[in-house]
Structures are given as structure tokens and as C-alpha cells.
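Asks: Quick one: the structure is below, and I'll ask about it shortly.
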Amino acid sequence: MRNSRDRLRHAIGFELIGLLIAAPLASWVTGVALSHMGPLALFFSVLATVWNYVYNLGFDRLLQQRQGHTHKTLWQRVGHAIGFEGGLLIVALPAMAWWLGISLLEALVLDLGFVVFYLVYAFVYNLLYDKIFPIPTQVTQHA
């Protein structure tokens, strides 16, 4: 299992590298200047990080209160993922539409592009992170 320091390195690295790729890519795809797209990407990075912490804490507390533990069933995980993305979308779409001067539908299409990018990016990042910073093997002692 990873320790807190390693988790922090993972999260910071994920966000920084993601921003360095996503902001210029989104700027290039949309034709919006990086000086205008960059702050939006940074806002979403911070928003997603804070929302991740708040949402997961609230979800786990709700599970603990209702079922006495935080183990999630498959359907709870599905609901968790939908709730997370839905909550993020509620804030992201209007902010994106306002900042870029586009419609909510155009913002939804752009947001879907971010979702696809980050889905692929998260897979590759985590695969490489685990190779570069492998989880130390635990030695079990027999009594």
C-alpha cells in the first residue's frame, strides 16, 4: 500500500503533467489561445482535486452511517462514479461556457473531450507511475 507522501507525489504529478498536456492540446483543438485556455484548465484541475476530496469524504461518511462500513458494492461504485462526474459537470459546464463564450451544448462537447483525454491519460500515467515508483513488497513474517 502507498504511504501519504507517495500519494501526494502521485496526485501532484498527475495534475501538473495533465495540465502541461491538456491545456496546450485543448488550445490547439479549439483554436482558443493558450493564455485563455490555460487558466480554465488550471481552474478545472483545482476544482476536480477539491471535489474529489470533498465528494469521497462525504460518500464514505454516508456509507459508514448507513451500512456501518465503507466497502462499496459494484453498484455503489457505479453510483459513486456517476455522482462524482455529475457533480463536477454541474460546476464545470456553466464555468466553461461563460469563460469561453460558448453554449452549454458546446461546453458539454468540449468537456466530453476532456473526459476522454483524462481517461486515457489516467490509465497511462498510473501504469508508468507504478513502473517508476513500484509499491514496495511487504515481507510477511511467520510466527
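The values are calculated or read from the model by the stated rules, or taken from the named source; none is laboratory data. Here the structure is a predicted model, which is why all the values come from computation and not from measurement. Because the Cβ atoms are built from the backbone with ideal geometry, glycine has one as well, and the counts that use them run over all protein chains shown. With ligands, DNA and RNA removed, areas are computed over all heavy atoms of the protein, side chains included. Shrake-Rupley method; radii C 1.70, N 1.55, O 1.52, S 1.80 Å.
Asks: Between a residue in the stretch 36-65 that is touching a residue at least 12 places away in the same chain (Cβ under 8 Å) and any residue that is not in a helix (DSSP H, G or I), which pairs come within a Cβ distance under 6 Å, given they are 6 or more apart or on different chains?
Replies: Sorted first by the residue in the stretch 36-65, then by its partner, the pairs are Leu63/Thr70.
Asks: Which of the numbered conditions does Glu85 fail, given that it passes all the others? Conditions: (1) open to solvent by 80 Å² or more (accessible area, probe 1.4 Å); (2) part of a loop (DSSP other than H, G, I, E, B).
Replies: For Glu85, the exception is condition (2).
Asks: Picking from Leu47, Leu62, which residue would you name as being exposed (fewer than 13 other Cβ atoms within 10 Å of the Cβ) and either touching a Pro at 6+ places or on another chain (Cβ under 6 Å) or not in a loop (DSSP other than H, G, I, E, B) (or both)?
Replies: Leu62
Asks: Please pick out the residue among Leu104, Leu74 that is open to solvent by 80 Å² or more (accessible area, probe 1.4 Å), without any contact (Cβ under 8 Å) to a residue 12 or more places away in the chain and touching a Leu at 6+ places or on another chain (Cβ under 7 Å).
Replies: Answer to the selection: Leu104.
Asks: Is one or more of the residues making up the stretch 16-25 within 15 Å of Trp99 (Cα to Cα) and in a helix (DSSP H, G or I)?
Replies: Yes.
Asks: Checking the conditions here, which among Val109, Val29, Val91 is in contact (Cβ under 8 Å) with a residue 24 or more places away in the chain and open to solvent by 90 Å² or more (accessible area, probe 1.4 Å)?
Replies: Only one candidate passes the filter, namely Val29.
Asks: Can you confirm whether the stretch 68-87 contains a residue that is among the basic types (Lys, Arg) and at pLDDT 90 or above?
Replies: no
Asks: For the condition more than 24 Å from Ala26 (Cα to Cα) and in a helix (DSSP H, G or I), what is the one hit in Asp111, Asp130?
Replies: Within the list Asp111, Asp130, the selection yields Asp130.
Asks: Collect the residues in the stretch 95-133 that are modelled with pLDDT under 95 and among the polar types (S, T, N, Q), keeping them in residue-number order.
Replies: Asn126 - this is the single residue of the stretch 95-133 that is modelled with pLDDT under 95 and among the polar types (S, T, N, Q).
Asks: Here are the criteria: (1) out of contact with any Pro (no Cβ under 8 Å at 6 or more places or on another chain); (2) under 20 Å from Leu93 (Cα atoms); (3) surrounded by 13 or more Cβ atoms within 10 Å (Cβ to Cβ); (4) not charged (D, E, K, R). Tell me which single one Leu34 does not satisfy.
Replies: Going through (1) out of contact with any Pro (no Cβ under 8 Å at 6 or more places or on another chain); (2) under 20 Å from Leu93 (Cα atoms); (3) surrounded by 13 or more Cβ atoms within 10 Å (Cβ to Cβ); (4) not charged (D, E, K, R) one by one, Leu34 breaks only (1).
Asks: Right, something else. Could you go through the stretch 33-42 and let me know if any residue there is modelled with pLDDT of 95 or more and either among the charged types (D, E, K, R) or outside any helix (DSSP H, G or I) (or both).
Replies: Yes, because at least one residue in the stretch 33-42 is modelled with pLDDT of 95 or more and either among the charged types (D, E, K, R) or outside any helix (DSSP H, G or I) (or both).
Asks: Follow-up. Kindly indicate whether Leu105 is within 24 Å of Thr30 (Cβ to Cβ) and part of a helix (DSSP H, G or I).
Replies: So Leu105 fits the description; yes.
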